[in-house]
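Student: Here it is, the structure, as structure tokens.
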């Protein structure tokens, strides 16, 4: 047995031993969450936050929610400023060495989510290892360990006392040696700040390697794959990487992208593995070969609570623990974590597809909806509509965003700005299917569309290829973590895209 084969055999065995611990929390979910809750309260007791909220007298979940209200990023921001100023024991009882930078805050250009050693190792890294362990258990693999894995990283800035940057860059900078042994591109390239130069160097490097697996946000991975095809002159990616067998993705709905991947990677043996991960934590992993449901991971140092979506924003609302949730009900996720996020509203909407074990699907985000006319469309509705319209018209959508057409003389409407990979032969048919799918999936939209009284039929504007990329570039949002907002309640993004499309 060669050194490479030996190392891969040991690694495969180590990953599979984790399956016993996953099996424990599957069989004992409420015990796992109770243990996590007690661990978090114990470690938060002597922090500034813990003292302000009387953690020493928290003996139960009910006493916890009575003392600690739910919080948004803006509510936690004063504590984050203290940590960045060098103060310790603020939100967590160990040093916060990193801040994951992400968009979506009202008081600044970016959010800075604290990452502690505990959350890095026992949440984010554990999530990655568990993805591989579950993959090895549930998918037939022949080549995974025979080559390299391509992981697209962001950028990282080292400041006094801490570092800040994309979560992917924080992970790359701290990966254990066994990950770097299989990873590509080299670290200096992966963390470059000049994205144009970075993409060129990445393509130059990986085009010559044996890549067996990919990780990253779908839109950015597609850019890389297309540039590899341009550089090599290949007809599809399997001509460049014949042993490619797995793409691990998360962060955005994969539905609108899947057809593009299947076109570039034409193989029924290619596997796609979904995860639910974010700067705030790693939450769930696809654990079955023939289903895109994801197993909620209950021993990562995260305590979960839930609010029914239809109660969100109301003065009086009930908070649900895991054992109280119901299937097929949309919930807002509330998390308490080993990074010091206490009853934090992450902004995601999920529904449970199974209660034994607890499996979920992501429905959308509380701040990513279009509700100008009372239609309350969420990204889950629009992603489904796009997917089915493409299936029925043989179209392929690269990117899209939706903006309101405000009421003028008669009714208002929605403008869909779409960058197609394959334009439908009958755009009017595509539009009608899109409209009907939205009506079928959202009763509020259906009502507002009745007789065109409030909402007119959707308007589709085709954008030239590369328009969304231009938008990301001029807004200095080139990067592995940056995505286009699908749904908007104003026309700021739409109007810029239209100008770029001229």
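The numbers here are math on the coordinates, done by the rules we state, and not lab data. Remember, it's a predicted structure, so these values are computed and weren't measured experimentally. Note that we place each Cβ from the backbone using ideal geometry, even for glycine, and neighbour counts take in every protein chain shown.
Student: Over the range 411-480, what relative contact order in percent results from Cα pairs under 8 Å that are six or more residues apart? Before the final figure, lay out each step's value.
Tutor: Working: 64 pairs, mean separation 35.0, N = 70.
Worked out over the range 411-480, it gives 50 percent.
Student: By its C-alpha gyration tensor, with a ≥ b ≥ c as the square roots of the eigenvalues, how is the range 193-285 shaped: rounded for a/c under 1.5, else prolate for a/b larger than b/c, else oblate?
Tutor: The shape class here is oblate.
Student: Would you please put 412-421, 59-68 in order of how densely packed they are, using the mean number of other Cβ atoms within 10 angstrom per residue and starting with the highest?
Tutor: Working: 412-421: 21.1, 59-68: 14.3.
By packing density, highest mean first, the sequence is 412-421, 59-68.
Student: Can I ask one more? Starting from a Cα-only point model with no solvent, please compute log10 I(q)/I(0) by Debye for the range 404-502 at q = 0.11, 0.15, 0.20, 0.22 1/Å.
Tutor: -0.39, -0.71, -1.12, -1.23
Student: Also: Give me the three principal axis extents of the range 338-462 from the C-alpha atoms, as integers in angstrom, largest value leading.
Tutor: For the range 338-462, the Cα extents along the three principal axes come out at 50, 34, 26 Å.
Student: Please give the Cα centre distance for the range 380-455 versus the range 190-225, rounded to the nearest Å.
Tutor: So the two Cα centres are separated by 33 Å.
Student: Could you tell me how far the Cα centroid of the range 309-334 sits from the Cα centroid of the range 117-171, in Å?
Tutor: Distance between centres, Cα-based: 31 Å.
Student: Give me the percent of DSSP beta bridges within the chain that run antiparallel, rounded to the nearest 5.
Tutor: Details: 51 of 76 bridges.
Bridges in the chain that DSSP calls antiparallel: roughly 65 percent.
Student: For the range 119-286, what is Rg from Cα atoms divided by 2.2 N^0.38 Å, rounded to two decimals?
Tutor: Values: Rg = 15.5 Å, N = 168, 2.2 N^0.38 = 15.4 Å.
In units of the globular-protein estimate, the range 119-286 measures up at 1.00.
Student: Size of the chain along its principal axes in angstrom, Cα-based, largest extent first?
Tutor: 64, 63, 45 Å, listed from the longest principal axis down.
Student: Run the simple label-point estimate for residue 231 and residue 57 please: 7 Å along Cα→C-beta, distance reported in nm.
Tutor: Reported label-point gap for residue 231 and residue 57 is 6.2 nm.
Student: Below 8 Å between Cα atoms, with a sequence gap of 6+, how large is the relative contact order for the chain in percent?
Tutor: On the way: 885 pairs, mean separation 66.0, N = 502.
After rounding, I find 13 percent.
Student: Once you order the gyration tensor axes a ≥ b ≥ c over the Cα atoms, which shape class does the range 37-151 get: rounded for a/c under 1.5, otherwise prolate or oblate by comparing a/b with b/c? Before the final figure, lay out the partial values.
Tutor: Numbers: a/c = 2.51, a/b = 1.70, b/c = 1.48.
Because a/c hits 1.5 or more and a/b exceeds b/c, the range 37-151 counts as prolate.
Student: How high is the relative contact order of the range 77-154, in percent, with contacts defined as C-alpha pairs under 8 Å that are six or more residues apart?
Tutor: Numbers: 47 pairs, mean separation 13.9, N = 78.
After rounding, I find 18 percent.
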